[in-house]
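What follows is a single structure, written as structure tokens, with notes after it.
None of the figures in this text is laboratory data; all of them are computed from the coordinates on show. All values derive from a computational prediction rather than experimental measurement. Positions of Cβ are backbone-derived with ideal geometry, glycine not excepted, and every protein chain shown enters the neighbour counts.
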Amino acid sequence: MSGELTSRLLESPLWTDAMVHESGIEVRDVPFVTVGGGIGSFVTVDYLRIAGVPTGQIAVLSNIDHPWQTYQYLTRVSQIPVPERIRSDSSSRPDNIWGFPSYALSEAWRERSVRPLLHVLGEPIFADYWTPRAGAVFASLERESARIAYPDMLVKGVVRMVRRRAGGGYFTILTPPAGTTSTKRVAYRSRFVHIAVGYPGLKFLPDLQAFREEHGDFHHVVNAYEPHEHVYESLKTAPGTVMVRGGGIVASRVLQRLMDDREKFGLQTEIEHVFRTFVTGSHGPHRWSRRKGGHGFAYQGFNYPKSVWGGQLKAKMRKLDGEERAAEYRRMGGTNTPKRRRWQQQMQAGRDGGWYRAYRGLVDEVQPGNRLTSIVQRDDGVQRIASDFIIDCTGLEADIADHRLLSDLLTNGGAGRNPLGRLEVERTFEVKGTASGDGALYASGTATLGGYFPGVDTFLGLQVAAQEIADDLARRGWAPRLGPLRSTAQWIRWSLNRPVEGSASWSRS
Amino acid sequence: MVPILIGRIQTRFFLIALVGSLVTLVLVPLLPLSYRDAFVVLLAVAVIGIGWELLYHLLMQFRWEKDWPTLFGLLTGVPEGLLLWFLLKAGAVPLIGAVPPGWAFAVHFGVVWVAVWLAANGPMRVPFLRWRFRGGRLV
Ligand SMILES: Cc1cc2nc3c(=O)[nH]c(=O)nc-3n(C[C@H](O)[C@H](O)[C@H](O)COP(=O)(O)OP(=O)(O)OC[C@H]3O[C@@H](n4cnc5c(N)ncnc54)[C@H](O)[C@@H]3O)c2cc1C
């Protein structure tokens, strides 16, 4: 089969039309390409469609069928099934660029109940933050996807690389599923590219990685982001001890599942909970900068203080560069979890009953045997702690260079790293150093954490990025700028579930 | 909400001018209150509000999240209304013709306050897409 990447293409950071033609790779022209096809691509395309960009101007290159597919997978395995409530709040609506009506208002309407509204009114003082059910989020995304004709823009495949094109714009190389195209690769020639590829990969704690590789045991040592239902099933058949590592929201979810099961099925599960950093109370340098904490956890409603998504901290971060920015990230970031009333009750019951033990510790090594033995450096000396399972809840924080496409951008695309080691982007989310003629390359999502805007890896943050990108595209004269009149008219269409239509001012198609 | 100081002030002026005026236009014929006095009250809520917003901004600094919960936005109407009422009684509000009866002031002020609060908690985002990401700044 023809249409393969030639060594000339592989080696050259700048491609001419002739070079691509020579390779026999099929070329398709479309002005705007978004790579990933997850929530980040979706909200960006949603914004552009609402601003008036026709479907023919956009291609979504993705290896998934629905934008919420990866999110749904990750939430399911990490113990947020469809009826459970997610972390982000009522106005973080990836299916609605206005955030109005909020999810709480929609739920109140659907269920003919004022309870969600009273709850939102009392949050976060008299109640935990109200958050939508995972199922409601998926359903709302499905509706919006149909409304903006998202499937018409979707092209399935894996993106291998994005390279600059001589004369402006980019080539994005897609490997479609075998047998669906006449050439092995397809090149999308576009003026603009947007990259939202989500998490570059799973990262394991080094001692757990070593254990898994050495002993080939993927059964007793698991990561919370991979399917691990067998752990909970096994505990139902025989009592056991589970070691939980990490102090973020995923640890909270896993604890909830273990404790719910204990209660529901009358199990005898014991829990050893190891924190690398054990927070004992409120912490921070002064009265105006103090976060709640206790029993090991740092408590915060969302992964950053709420005002990074629009208020004081957003405005502040926008001005910071280099070490100053990194310091501010350290101050307000770090592992944290919401202080939910139900979780507090469960953990208290566990401490009282002696079956939930939490402490600070550094694990040197995990040894196999009848049961697993963790060698843990604790404040009271080195201890050997036995457990039947270990669940690593520490994260999805692999290096961006582990992702082939991002790695290629760093080596051949002119991209650089920010103070946290991820992709350095402008305030407009254009990746610094990647400009090509009158074209631009943007990125959003977790790959850009460490930039002028910290809330990137959330629905609302992806929408903030989408707005910045759309406004930048408008400044460049490509997309219409979404102003108050069209915004209102489009909101009415959203409310009535009417399809979006192209803008009258769209003259380039 | 997650306001910044200038955003608080801009939003207050804008919503009082728009929503406050509409509510006042509808309400005044039903109350023993002249249009002139009702609009003077609105103006006073806006102007004295600059001082209040400075205070709220200061108090917000004690919150780690630097947010201003929805409920605060509603409840702050109580001290603001009371202060304004005492200022009216004390004759400290210029341009006012006659001090309205207490109940009429309460109804007018209360309805305006709730309407402005409701608008700020949702509908405002419909025409002004960038407003919530800019701390309530309109310009
Ligand atoms: C367990 C969990 C819970 C979360 N809960 C919340 C929450 O409550 N609220 C909130 O706001 N945020 C939440 N987030 C964070 C974030 O909003 C979501 O993860 C969101 O899905 C991120 O969107 P994304 O587009 O960056 O990545 P994804 O939705 O993961 O999409 C990226 C897609 O790109 C595809 N891709 C990657 N490389 C290529 C390639 N080379 N070619 C083609 N396709 C490729 C991937 O397969 C993936 O499907 C949560 C995250 C996790 C993990």
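How many percent of DSSP beta bridges within chain A run antiparallel, rounded to 5?
45
Placing unit charges on the Cβ atoms of the charged side chains and taking the dipole of region A:27-94 about its Cα centre, the candidate lying farthest along the positive direction among A:Gly52, A:Ile86, A:Tyr71 is A:Ile86. Would you list, by chain and number, the lysines whose Cα falls below 28 Å from the Cα of A:Lys314, excluding same-chain residues fewer than 8 positions away? A:Lys314 reaches A:Lys292, A:Lys306, A:Lys339, A:Lys432, B:Lys66. Taken about its Cα centre, region B:16-139 carries a charge dipole of roughly 380 debye when the Cβ of each Lys and Arg holds +1 and the Cβ of each Asp and Glu holds -1. Would you be so kind as to identify which of A:Gly437, A:Asn418, A:Ser487 lies farthest towards the positive end of the dipole of region A:413-502, taking Lys and Arg as +1 and Asp and Glu as -1 on Cβ and the Cα centre as origin? Towards the positive end, the residue furthest out is A:Ser487. Phi angles across region A:389-397 convert, under the Karplus curve 6.51 cos²θ - 1.76 cosθ + 1.60 with θ = phi - 60°, into 3J(HN,Hα) values of 9, 10, 10, 7, 10, 8, x, 10, 9 Hz, Gly and Pro given as x. Residues whose amide H lies under 5 Å from that of A:Gly450, counting only those 5 or more places away or on a different chain, are absent; hydrogens are built 1.01 Å from N in the peptide plane.
Our estimate of slack between A:Asp321 and A:Arg115, defined as 0.36 nm per intervening residue step minus the Cα-Cα distance, is 69.8 nm.
Residue by residue along A:95-101, Cβ atoms of other protein chains within 10 Å of the local Cβ number 4 on average.
The relative contact order of chain B comes to 49 percent, based on Cα pairs under 8 Å that sit 6 or more residues apart.
Each Lys and Arg adds +1 at its Cβ and each Asp and Glu adds -1 at its Cβ; summed about the Cα centre, the protein assembly as shown shows a dipole of about 1700 debye.
Quick one: pull the percentage of alpha-carbon pairs in region A:309-407 with a separation above 17 Å. Here the tail beyond 17 Å accounts for 75 percent of pairs.
How high is the relative contact order of chain A? Use alpha-carbon pairs under 8 Å, at least six apart in sequence, and give a whole percent.
21
Treating r as the C-beta distance of A:Ser234 and A:Arg276 and R0 as 22 Å, the FRET efficiency rounds to 0.25. Mean per-residue shielding of peptide B:93-106 is 0, counting Cβ atoms of other chains within 10 Å of each Cβ.
Among A:Asp46, A:Asp472, A:Asp261, A:Asp321, sorting on how many other beta-carbon atoms sit within 10 Å of each Cβ, with the fewest leading, yields A:Asp321, A:Asp261, A:Asp472, A:Asp46. Would you work out if the protein assembly as shown is rounded, prolate or oblate? Take a ≥ b ≥ c from the square roots of the eigenvalues of the alpha-carbon gyration tensor; rounded if a/c is under 1.5, else prolate when a/b is larger than b/c, oblate otherwise. Oblate is the answer for the protein assembly as shown, as a/c is 1.5 or above yet b/c matches or exceeds a/b. For region A:425-437, 3J(HN,Hα) computed residue by residue from phi via the Karplus equation (6.51, -1.76, 1.60; θ = phi - 60°) reads 10, 6, 5, 8, 6, 6, 6, 4, x, 10, 4, 9, x Hz, glycine and proline entered as x.
Protection proxy ranking of A:189-200, A:343-354, B:1-12, by the mean of other Cβ atoms within 10 Å over each peptide's residues and highest first, is A:189-200, B:1-12, A:343-354.
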